[in-house]
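Just below is one structure, and these are the notes that go with it.
Computed from the coordinates by the stated procedures, all read-outs in this text should not be read as laboratory data. Keep in mind that this is a model prediction, so the values were computed, not measured. Every residue, glycine as well, gets a Cβ built from its backbone with ideal geometry; the counts of neighbours run over all protein chains shown.
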Amino acid sequence: MWQWRVFVVHLRHNLSRSFVHMDIFSQLSAPINFLIKSDFNVESFEVEWQFSRENSHGDFSTPSPLKLSKMVNKLPMEVAEDMCNALKEEEIIEKCEVAAPGFVNVWLKPRVLLSSLNEAKKYCSPQKKRKDPPVIVEYSQPNIAKPLGIHHILSTVIGQAIANTYEHLGYECKKVNHLGDWGTQFGKLAVALDRWSNKSVKDSSIDELLALYVKFHEEAEKDESLNEKAREYFRKLEEGDKKIFEFWKDTVDVSMKAILKLYDRLNVTIEHQHGEAMYRDAMGPILEEGKEKGVFMEGKEGAVVVEFSEELNIPTAVVQKGDSATIYLTRDLAQIQYRTERWHPKGIYYVVDRAQQLHFQQLFETVKMLGWDLPHLEHLIFGRMKFADKSMSTRKGNILKLEEVLDEAVNRAEKIIKEHGDSIQSDNPKDLAEMMGVGSVVYGVLTKNRKMDMVFDWDKFLSFEGNSAPYIQYTHARACSVLRKADASEKITFPLNIDFLEENERNLIKTLLKFSNSLSDSCNAHMPHLLTNYLFSLCQDYNTFYNDLPIVKADEPLRSLRISLTALTASVIKTGANILTLRIPNRM
Ligand code: ARG
């Protein structure tokens with residue numbers, strides 16, 4: 001008789017197939033694999049395991065009978081029954097059930113769940129360094145000579161969270177800024193300073209520089225020659241004019257001081273502050289190379305341009321203006337060349353506004369056409385920020401300053417702390433208000449899927465109930481307070497002589513087991529909100545557990561079990577929060 005013999009290509013080993021659970025999953029798969037080979041005669045098949053969403057569906061479940069049934073010409077429920085019978089023989093299984101239309105649900109013995117938590121604990125420390133080439137994450141990238149605006153928080157904290165996740169998982173990650181410190185705006189500022197200021201740049205504040213820039217635009221509307229003058233100044237700067245260069249350097253210094261102060265407040269650490277200006281000598285040779293290779297051509301009015309193949313449907317891009325001034329795109333070409341040669345990275349990720357999609361398309365296509373040896377290049381987009389509070393979007397003046405928003409957040413947090421005088425306790429209410437205020441803005445941004453537009457909403461950001469910084473911070477402080485009461489050390493050791501788990505305990509354990517998955521999912525997709533969602537569900541599970549079960553007053557071995565669960569929860573919250581730049585109190 002004709003025999004079924006099916007070869008299935010193994011799924012590419014993907015990071016998101018968790019690290020920790022490989023162990024449990026492979027233990028669960030072993031008896032099934034045996035069955036598949038010996039009884040079903042299928043040579044190779046990868047059994048898929050998932051965390052069950054509901055307790056009534058077990059700890060883990062597999063939908064594999066559905067797929068397998070087609071290969072072996074049996075009903076899915078029959079295959080599920082066979083699998084279930086094979087699993088029931090296993091030492092680690094507490095219970096196994098089939099569910100329509102073809103699932104197998106398994107419950108593990110408490111001791112097995114608990115010992116896998118010891119594995120999960122490992123993810124509270126940074127993972128062993130990998131040997132792979134580095135990844136580069138470029139983020140923040142403010143334009144200099146203006147204070148940071150609230151919108152800068154998006155790239156800044158999303159990028160930092162992505163970089164932190166890579167580093168935590170053992171990747172070497174180069175954290176790079178691409179400061180907008182070159183371009184015609186410096187010509188404009190130089191003109192404005194000449195005409196309307198009696199101070200040197202060094203003695204000006206960043207706000208005064210902004211005011212000059214705004215004045216330039218007002219005046220240039222009436223007097224077009226100002227723009228011409230600004231272009232001339234910038235040209236001189238590119239040609240190396242000493243005086244204008246000094247002015248430029250001072251502007252960068254004044255700006256960087258203000259920017260670094262805010263980074264510090266945001267828990268943002270960008271190691272490589274690379275301004276666009278850094279590439280000023282590299283652009284000439286690239287322009288030559290492009291012309292030689294026939295990639296760059298003469299465009300209108302003496303400009304140099306790139307044209308893309310028709311099917312790409314991308315408009316022509318300019319790489320050099322008619323007056324020989326270089327532009328943003330040219331500096332990006334140089335940036336790719338520099339980073340590739342210096343670091344030989346595996347990938348470069350750009351955390352930049354969705355509005356620049358076309359720019360990055362043009363950039364990536366151009367470097368391909370130049371035939372360079374390239375790493376993976378990807379634009380990680382994010383959406384717009386909108387404001388629930390109308391006064392924030394309709395504010396006079398050009399920008400809503402990040403510093404002011406953070407100050408306002410801290411003021412609001414201070415008020416909330418005062419209002420909750422009896423339930424919030426802190427040794428240092430000022431520090432707590434800073435953590436809560438800044439944290440609520442940062443965490444508020446990170447809870448949203450970055451690709452969508454987001455709404456800045458004071459009430460939600462500062463609430464103690466939803467997926468907010470104060471909720472996460474409060475839960476951590478609560479867990480720490482349990483540990484203080486129990487006089488427990490930081491050491492987490494689970495008693496293994498437990499043969500029954502309450503539903504709330506099992507839930508919490510399962511969520512703790514998901515920690516490594518949420519890290520790898522968030523890392524693979526470059527989506528920090530997957531980690532914030534995870535922390536939120538962990539906090540919810542911990543709070544339910546805390547409200548329903550005695551911890552410090554429970555009898556042994558339950559007391560040790562629950563204290564260890566509390567300690568592990570605190571540790572996971574702290575680790576996750578840290579990756580997300582969120583500072584977290586031990587007492588609150
Ligand atoms: N400074 C630019 C801006 O504010 C963003 C830079 C993005 N990064 C890049 N490599 N082009 O629009």
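The modelled label-to-label distance between LYS37 and GLN127, using points 7 Å beyond Cα along the C-beta direction, is 2.8 nm. Checking every one of the trypsin sites (Lys or Arg not before Pro) in the stretch 481-588 against DSSP loop status and a limit of 16 other Cβ atoms within 10 Å picks out LYS491, LYS553, ARG587. Among the GluC sites (Glu not before Pro) found in the stretch 223-258, those both in a DSSP coil and sparsely packed, with 13 or fewer other Cβ atoms within 10 Å of their Cβ, are GLU224. Think of the chain as having a plus end and a minus end, set by charges on the Cβ of Lys, Arg, Asp and Glu; of MET527, LEU189, ILE417, ILE417 sits farthest toward the positive end of this dipole.
When you restrict to C-alpha pairs under 8 Å that are six or more residues apart and normalise by the size of the chain, the relative contact order lands at 15 percent.
When +1 charges are put on Lys and Arg Cβ atoms and -1 charges on Asp and Glu Cβ atoms, the dipole computed for the chain relative to its Cα centre reaches about 720 debye. The stretch 567-588 and the stretch 412-461 have Cα centres separated by 15 Å. With θ taken as phi - 60° and the Karplus curve 6.51 cos²θ - 1.76 cosθ + 1.60 applied, the whole-hertz 3J(HN,Hα) list for the stretch 100-108 is 5, x, x, 10, 10, 10, 10, 10, 8 Hz, x standing for glycine and proline.
In order along the stretch 59-72, the Karplus-derived 3J(HN,Hα) couplings, from 6.51 cos²θ - 1.76 cosθ + 1.60 at θ = phi - 60°, round to 7, 10, 9, 10, x, 4, x, 4, 6, 5, 4, 5, 7, 10 Hz, and Gly and Pro are given as x.
As a calculated quantity, the FRET efficiency between THR269 and GLU404 at R0 = 22 Å, using C-beta atoms, amounts to about 0.45. Ordering TYR546, TYR471, ILE399 by Cα displacement along the dipole of the chain toward the positive end leaves TYR546 in first place; charges were set at the Cβ atoms of Lys, Arg (+1) and Asp, Glu (-1). Applying 1/(1 + (r/R0)^6) with R0 = 51 Å to the Cβ-Cβ distance of LEU358 and GLU419 gives a FRET efficiency near 0.60. Cα axis of helix 402-419 to longest principal axis of the chain: angle in degrees, 0 to 90, nearest 10? That helix lies at roughly 40 degrees to the long axis. The amide H of ASP389, built 1.01 Å from its N in the peptide plane, has TRP458 as neighbours under 5 Å, considering only residues 5 or more places off or on other chains. Does the stretch 215-274 classify as rounded, prolate or oblate by the C-alpha gyration tensor (a ≥ b ≥ c root eigenvalues; a/c under 1.5 gives rounded; else a/b over b/c gives prolate, otherwise oblate)? Note, shape of the stretch 215-274 comes out oblate. Pairs from the list LYS430/LYS485; LYS67/LYS510; LYS146/LYS229; LYS514/LYS574; LYS293/LYS321; LYS37/LYS122 with a Cα-Cα gap above 23 Å: LYS430/LYS485; LYS67/LYS510; LYS37/LYS122. Quick check: the distance between the Cα centres of the stretch 152-202 and the stretch 253-302, to the nearest angstrom? When both Cα centres are located, 10 Å separates them.
Sparse packing (at most 16 other Cβ atoms within 10 Å of the Cβ) combined with a DSSP loop state is found for the following trypsin sites (Lys or Arg not before Pro) in the stretch 76-179: LYS128, LYS129, ARG130, LYS131. Estimated from the Cβ-Cβ distance and a Förster radius of 41 angstrom, the FRET efficiency linking THR544 and LYS215 is about 0.10. Ordering HIS217, PHE461, ALA488 by the projection of their Cα atoms onto the charge dipole of the chain, which places +1 on the Cβ of Lys and Arg and -1 on the Cβ of Asp and Glu, puts ALA488 at the extreme positive end. Net charge dipole, the stretch 408-518: roughly 360 debye, given to the nearest 20, about the Cα centre with Cβ charges of +1 for Lys and Arg and -1 for Asp and Glu.
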